[in-house]
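Read the structure below first, then the notes.
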Amino acid sequence: MGVPQAMEALTERASLLRESLQKSQTITDNMVTILGSFDHRLSSLEAAMRPTQVRTHAIRRAHENIDRTLKAADVILAQFDLTRQAEAKILRGPHEDLESYLEAVDQLRSIVKFFSSTKGFKSSDGVLNHANNLLSKAILKLDDEFRQLLSTYSKPVEPDRLFECLPSSLRPSAGSPAQQGEAGKNPSSGNSSDQQVKSLETAIYKPPTLIPPRLLPLLHDLAQQMVQAGKQDQCIKFYCETRSSALELSLRKLGVERLSKDDVQKMPWEVLEAKIGNWIHYMRIASEKICDQIFDGINVTRDHCFAEVTADSVLMLFSFGEAIAKSKRSPEKLFVLLDMYEIMRELQSEVEAIFDGKACSEMREAALSLTRRLAQTAQETFGDFEEAVEKDATKTAVLDGTVHPLTSYVINYVKFLFDYQSTLKQLFQEFETAGEDSNSQLAIVTMRIMQALQSNLDGKSKQYKDPALTYLFLMNNIHYMVRSVRRSEAKDLLGDDWVQRHRRIVQQNANQYKRVAWAKILQTLTVQGLSSSGGSGAGGGDGSNSSGVSRATIKERFKSFNLQFEDLHQRQSQWTVPDLELRESLRLAVAEVLLPAYRSFVKRFGPLIESGKNPQKYIRYTPEDLERMLGEFFEGKTWNEQKR
């Protein structure tokens, strides 16, 4: 009963579901029919609208073409405007406004580039030709402007302007450039230059302004335009020729010229010394690499350009130094050689920096070669000087026994050498041998020079016929050497032992003078040789005193003393001891021996003469008279002065 009912219910439900599906299918078929009709209508509409769409697209493309054409026309018209503007500036020339002119040239280049790439424009060839012609004219004017500016500011630099680059302490005094401070370096003058040497150490040198700084950017721009125009070779050639010529003329105005060693040899020393002074001054003024600024950023071999400009002048400067170094050596040249060596060493690093690069290798090598040549010649001159001092055979007679000119010359020479201590030490290092330092080498050289002088003085002292004057001459000269060394830096180098040893030599010569000059006259004041006959007293008729010495003998002694002393006074008042302290010391040494002996003799034998006739004929001088007359010794008086 229950199963049949369930089956009926299920059948009813299946029937309802079937009806629903049929209804849904009917609705779907209806919707498909409706949508099919819409598709047909849309296709008809689209077919109807297609001609309108075609026309609209054509109109849009036409508008786009018109816009592009108008824009192209605007660009071309703008180029025409730029061409007219550039042409106006080009026709005015670069003199009024060079910067604006250069802008116009750049504009023309852009215009040429534009029309070269715009081939579709009907008149582009004509415009292009016009622009190229304008550009050619502009470049020619730029070329002229570059040449004119460079020529105007490449005049030879006057010596006064060059010397303004030096510190004030080194600038020449008013007058001829030949009157340089270098000319004052003469050992015979005896004037030390310590202050000048110190000022040299702290001196600051500034390069001359060869071209005004405001013009360098303009020259740079001009050179850049010419290089862009393909005129690089002409630009560089003109620059090199112009600057090189100006540099050479500047050197000529300064008096520097290419000399051979024969030319140097024939030249008077004063003229040569002045030229060397100018050379040293010019070498101190650093060269300014203008080409670096003018050709900066331009595809130009600047080192080669700088080498072209400076090669002749720099090598001429160096050749002057070479000629000096190769010329005949002489003592007076040593100091200028040291000056030249010093400046070359001082500038070595600057030469390396300025003349860098392969193109300037010749200048660097020439500078190094000159430095070595100067060092070698200076060292050889040292040796020559030592030999010249030892072998000096001048017949200059020093009649009064004073300091010989050779002595003062050599001592002043040595003093000047000590102004160059640092330079000499550097020079010795160039040739130093193992185990030797530059200080000991300088000491050895100085001692050798002093020994050579002493040996020469020993020879010169033998020219005197009077042995007393021989010893006085040696005493004066060696004392001068000792005093000069004690008052100079040479004392630290030669040492106290040298000073003490030579002071003893001075004293030995003073003692020898005293012995040789006064021994004979002192013999007249001794009792030695006076005969003793044991006769009667002082009042004896034979004129004898209590010791038996005859009056006649005593008279002869006094007479001999008077003649000898007057002769000594006459001669030795003409002799000279230039050092006041030494002169007084020598007089005192003589007085200490002579006056006590004379007083004793007069006291003992004076009464015998005074008791006779004309005692003043024999006893002419009191001890006070002798002391006063001794005060006139070694004054270098002439015979006429003595008579007065």
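Just give me the residues in the range 560-615 being among the charged types (D, E, K, R), closer than 28 Å to ASN477 by Cβ and not in a helix (DSSP H, G or I), in sequence order.
At the first step, the residues of the range 560-615 found to be among the charged types (D, E, K, R) are 566-567, 571, 579, 581, 583-584, 587, 592, 599, 603-604, 610, 613.
Adding the requirement that they be closer than 28 Å to ASN477 by Cβ leaves 567, 571, 579, 581, 583-584, 587, 592.
Listed by number, the list holds a single entry, ASP579.
Filtering the range 231-245 to residues that are touching a residue at least 12 places away in the same chain (Cβ under 8 Å) and either surrounded by fewer than 20 Cβ atoms within 10 Å (Cβ to Cβ) or out of contact with any helix residue (DSSP H, G or I) (no Cβ under 9 Å at 6 or more places or on another chain) (or both) leaves LYS231, GLN232, GLN234, PHE238, CYS240, THR242, SER244, SER245.
For (1) buried (at least 18 other Cβ atoms within 10 Å of the Cβ); (2) among the hydroxyl-bearing types (Ser, Thr, Tyr); (3) outside the structural domain of GLU430 (by TED's automatic domain parsing), each residue gets a yes or a no:
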position	(1), (2), (3)
PHE385	yes, no, yes
THR396	no, yes, no
VAL403	yes, no, no
THR407	yes, yes, no
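If you filter the range 112-123 down to residues that are surrounded by fewer than 17 Cβ atoms within 10 Å (Cβ to Cβ) and part of a helix (DSSP H, G or I), you find that the one that is modelled with the highest pLDDT is LYS113. The set of residues from the range 350-365 being within 19 Å of the chain's Cα centre (by Cα) and farther than 14 Å from LEU315 by Cβ comprises GLU350, GLU352, ALA353, ILE354.
Here is a yes/no grid of residues against (1) surrounded by fewer than 20 Cβ atoms within 10 Å (Cβ to Cβ); (2) modelled with pLDDT under 75; (3) closer than 19 Å to THR371 by Cα:
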position: VAL256; (1), (2), (3): no, yes, yes
position: ILE276; (1), (2), (3): no, no, yes
position: ILE285; (1), (2), (3): yes, yes, yes
position: PHE306; (1), (2), (3): no, yes, no
position: SER319; (1), (2), (3): yes, no, yes
position: LYS328; (1), (2), (3): yes, no, yes
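Filter the range 616-634 down to residues that are outside any helix (DSSP H, G or I) and more than 58 Å from the chain's Cα centre (by Cα), then give me how many there are. First the steps, then the outcome.
So the first thing to find is which residues in the range 616-634 are outside any helix (DSSP H, G or I), and the list is 618-622, 631-634.
Subsequent filtering for residues that are more than 58 Å from the chain's Cα centre (by Cα) retains 618-622.
Qualifying residue count, the range 616-634: 5.
Assess whether ASP458 counts as being within 22 Å of GLN570 (Cβ to Cβ) and of a type in the set (Asp, Glu). Considered against the rule, which asks whether it is within 22 Å of GLN570 (Cβ to Cβ) and of a type in the set (Asp, Glu), ASP458 comes out as no.
Return the residues of the range 472-507 that are assigned to a loop (DSSP other than H, G, I, E, B) and acidic (Asp, Glu); say none if nothing qualifies. Hit for the range 472-507 is GLU489, nothing else.
The values are calculated or read from the model by the stated rules, or taken from the named source; none is laboratory data. The model shown is predicted, which means the values in this text are computed figures rather than measured ones. Please note: Cβ atoms are built from the backbone with ideal geometry, for glycine as well, and neighbour counts cover all protein chains shown.
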